[in-house]
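Enquirer: Below: one structure in structure tokens.
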Amino acid sequence: MGAITDYHAHVYYDAATREQALKLCADAGEALGLKIGRMHDNPVGPHPRGSCQLTIRIEQFAQAMPWLITHRHGLTIFAHAQTGNALKDHTDHVIWLGPSETLKLSALS
């Protein structure tokens, strides 16, 4: 396993929760300085539904995870380490905030 370089947190949403997810991501960027990716309204890669990616630097992790836990307001967030091994990063090195969902792991090969 390679060293962890950073973390990704994918905020999952659907049409009914898109604005809530957008606000959560914007707030996380402002409050924590997280890098905010674009909103994907449809599944992309291994993710089963719409999502927005937040990049969390190693030194931000200890502050970011409790903040996301207390501010997600029912949204599911899939967080994982970035080690360079995409399959392990999306299966073994994961944290679910909210109910877990089935990823499309075939997209990682």
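Enquirer: Using a cut-off of 26 Å between alpha-carbon atoms, which lysines can reach Lys104, once sequence neighbours fewer than 8 places away in the same chain are excluded?
Expert: Lys104 reaches Lys35, Lys88.
Enquirer: Once amide H atoms are placed 1.01 Å from N in the peptide plane, what residues at a sequence separation of 5 or more from Asp6, or on another chain, have their amide H within under 5 Å of its amide H?
Expert: It is Gln82, by chain and number.
Enquirer: Evaluate the charge dipole of the stretch 16-92 about its Cα centre and quote only its size in Debye, nearest 20, assuming +1 on the Cβ of each Lys and Arg and -1 on the Cβ of each Asp and Glu.
Expert: With only Lys, Arg, Asp and Glu charged at Cβ, the dipole is about 100 debye.
Enquirer: Something else about it: Would you grab the residues whose amide H sits under 5 Å from the one on Lys104? Only those 5+ places off in sequence or on another chain, please, with H modelled 1.01 Å from N.
Expert: The list, which skips near neighbours in sequence, is His47.
Enquirer: Under the 0.36 nm per residue contour assumption, what length would be gained going from the current alpha-carbon distance of Thr91 and Leu32 to full extension?
Expert: The span from Thr91 to Leu32 would gain 18.6 nm if fully extended.
Enquirer: Below 8 Å, C-alpha to C-alpha, sequence gap of six or more: please give me the relative contact order for the chain in percent.
Expert: Relative CO of the chain lands at 35 percent.
Enquirer: Applying the Karplus parametrisation 6.51 cos²θ - 1.76 cosθ + 1.60 with θ = phi - 60° to the phi angles of the stretch 69-74, what ³J(HN,Hα) value in whole Hz is obtained for each residue in order, glycine and proline being reported as x?
Expert: Whole-Hz 3J(HN,Hα) from phi for the stretch 69-74: 4, 8, 10, 6, 6, x.
Enquirer: Sorting Ile77, Ile58 on the 10 Å Cβ count, fewest up front, what's the list?
Expert: Lowest count first: Ile58, Ile77.
Enquirer: Which of Ser100, Ser106 has the fewest other C-beta atoms within 10 Å, and how do the rest follow up to the most? Could you put the intermediate results ahead of the total?
Expert: Values: Ser100 11, Ser106 7.
Arranged by neighbour count, lowest to highest, Ser100, Ser106 become Ser106, Ser100.
Enquirer: Provide the net charge surrounding Gly2, with neighbours chosen by a C-beta distance below 11 Å and charges set as Lys +1, Arg +1, Asp -1, Glu -1.
Expert: Its environment carries a net charge of 0.
We did not get these values from a lab; they are worked out from the coordinates using the rules stated. None of these values were measured; they are calculated from a predicted model. Cβ sites come from the backbone with ideal geometry, for glycine too, and all protein chains shown count toward neighbours.
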